[in-house]
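Q: First the structure, which I've put down as structure tokens, then a few questions once you've had a look.
The values are calculated or read from the model by the stated rules, or taken from the named source; none is laboratory data. Quantities reported herein were computed from a predicted structural model and do not represent experimental measurements. Heads up, the Cβs are rebuilt from the backbone with ideal geometry, glycines too, and the neighbour counts pull from every protein chain shown.
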Amino acid sequence: MSAAGTNPSADLARIVLIRHGESASNAGGWLSGQETCGGLTDLGVAQAEALRARLAADPSMQPDRVMVSTMRRAVHTAEIVAEPAGVEVEQYADLMERTSGEAEGLTIAEYTAKYGKAPWTDWSNPLSPGGESGAEFSARVTTALDRVVTEGWGKTIWVVCHGGVIMATAVSRWPGAAGSGPATLANIPLMSPMNTSVSEWTVDRDNNWKMGRYNDHTHLVGVSAGEAPAPI
């Protein structure tokens, strides 16, 4: 039993992935990275506040740890959402979104004109020179979350991160994925999660990941509507 949330066993880790609120790059349609992240929009703050109220009202969801990407939009979201829990927000660079390379800062229209394809439509190759390939990104995310699990037995851990991180996790942890060749977003298309959505797994000591939910964003009713923005 976790001291804060609810875990069924000390042999399980409960991993709750939360996408950041709407960012300036989501709203403006441009590729951002660590240096160019514009943080949250006013709507992004409102989304995070809605999730904060939802999680604070659910004792079973209270975290033992809160881990977050170092990007401004994720850090700001984590600070808002975790405030009632009184848990320190821990920043980790390896939870960042997929790096764009030289295309960082381009708008979607500029990227499409320069590279002949829309961003985030190719999960195999780097977005541009200097960026991460899909395999490099997935390996980074997998390694980071494996470490989270090994430090999280018997605990509920919130990880405030990015759409690409959540999508890559869902695909790489797909049941049977390891035995059927590489499982990537290039061969298993997956919907981008909504801003501040909640996706949850429990993990046992044999590294079996069981998905409890994906892209749960019911707290956004009356706050925001529409399709999930690309992971930019």
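Q: Being within 17 Å of I157 (Cβ to Cβ) and not charged (D, E, K, R) is the filter here, so list the residues in region 57-69 that pass it.
A: P59, S60, M61, Q62, P63, V66, M67, V68, S69
Q: If you don't mind, another one. State all residues of region 25-48 that are within 17 Å of the chain's Cα centre (by Cα) and buried (at least 18 other Cβ atoms within 10 Å of the Cβ); if no residue qualifies, say none.
A: Of everything in region 25-48, those that are within 17 Å of the chain's Cα centre (by Cα) and buried (at least 18 other Cβ atoms within 10 Å of the Cβ) turn out to be S25, N26, L31, S32, G33, C37, G39, L40, G44, Q47, A48.
Q: Determine whether region 200-221 contains at least one residue that is modelled with pLDDT of 85 or more, closer than 24 Å to C37 by Cα, surrounded by 13 or more Cβ atoms within 10 Å (Cβ to Cβ) and within 13 Å of the chain's Cα centre (by Cα).
A: Within region 200-221 (the criterion being modelled with pLDDT of 85 or more, closer than 24 Å to C37 by Cα, surrounded by 13 or more Cβ atoms within 10 Å (Cβ to Cβ) and within 13 Å of the chain's Cα centre (by Cα)), the answer is yes, since at least one residue qualifies.
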